[in-house]
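The values are calculated or read from the model by the stated rules, or taken from the named source; none is laboratory data. The shown structure was predicted, so the numbers you read here are calculated from the model rather than taken from an experiment. Ideal geometry is used to build each Cβ from the backbone, glycine not excepted, and the neighbour counts take in all protein chains shown.
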Amino acid sequence: MLKGKVAVVTGASRGIGAAVAKKLASLGADLALIYAGNDALAEAAAADCRALGVRAEAYCCDVSDGEAVKETVAKIKAELGGVQLLVNNAGITRDGLVATMKEADFDEVLDVNLKGAFHMIRHCSGLMLRAKYGRIVNISSVAGLMGNPGQANYAAAKAGLIGLTKTTAKELASRGITVNAVAPGLIDTDMTRKLGLKEEALKSAIPLGRAGKPEEVAEAVAFLLQADYITGEVLRVDGGMAM
């Protein structure tokens, strides 16, 4: 159980982030839901968490902006009392082949998906270091393990998250802070539905023959946030796709 702990989840207004927030609320954690722009979705996700009997507040923040992250974390500390758990889930896609990809599209994906996690870890870990306790989970992807044509920027960011995970796990372990990653495969969310993959294509690419559910990723995140002797690990939730 996570009762009495404050969890920060980025990209929490929908999809995997919203499912993670709701799962952590069901385990008793208070929630700070960070989102990029859709106020209505973010408030609905926060309301779902409050319905489970915990405190939950939504904070609009561009995680690629280090100063904005610093201010938001300070606000969370003032309003909720601290940060013990952090889930870096915020992510975007700007797909295209390397030969034709715009530099701005490459930079934007790296700034949100990778640098955003760096900013969050940097500013939340200070609170964890003083408490000598913390749990961090970064949402990577099987694309960061395998690569994926048309997603050089996304795959590079998600691979970078794995390196960030392992390095910060080594840096923070002596102060009682664990850092792990979850690498989802094809998960049924608004983002992935745009791919329009057919059932037969799914079966050929995924041994278990179906897309995953956001709730299945949330279960893996919750497991790692409650694990005291696992750090620097990458847990795939992909139906065997990257096996």
*In segment 1-120, which helices (runs of 4 or more DSSP H) lie fully inside it and hold 3 or more residues that are among the basic types (Lys, Arg)?*
66-80
*Given the conditions (1) modelled with pLDDT of 95 or more; (2) among the hydroxyl-bearing types (Ser, Thr, Tyr); (3) touching a helix residue (DSSP H, G or I) at 6+ places or on another chain (Cβ under 6 Å), report the number of the one that THR189 does not fulfil.*
(1)
_Among the residues of segment 22-41, what is the count of those that are in contact with a Ser or Thr (Cβ under 9 Å, 6 or more places away or on another chain) and crowded, with 24+ Cβ neighbours inside 10 Å?_
4
*farther than 22 Å from ALA131 by Cα and modelled with pLDDT of 95 or more: does that describe ASP48?*
yes
*May I ask you to verify whether ALA157 is surrounded by 15 or more Cβ atoms within 10 Å (Cβ to Cβ) and either within 14 Å of the chain's Cα centre (by Cα) or of a type outside the set (Lys, Arg) (or both)?*
yes
*asked:* Which of the numbered conditions does GLY96 fail, given that it passes all the others? Conditions: (1) touching a Gly at 6+ places or on another chain (Cβ under 8 Å); (2) surrounded by fewer than 15 Cβ atoms within 10 Å (Cβ to Cβ).
replied: (2)
_Qualifying positions in segment 167-184 - over 19 Å from ALA90 (Cβ atoms) and either modelled with pLDDT under 95 or buried (at least 19 other Cβ atoms within 10 Å of the Cβ) (or both)_ = ALA169, LEU172, ILE177, THR178
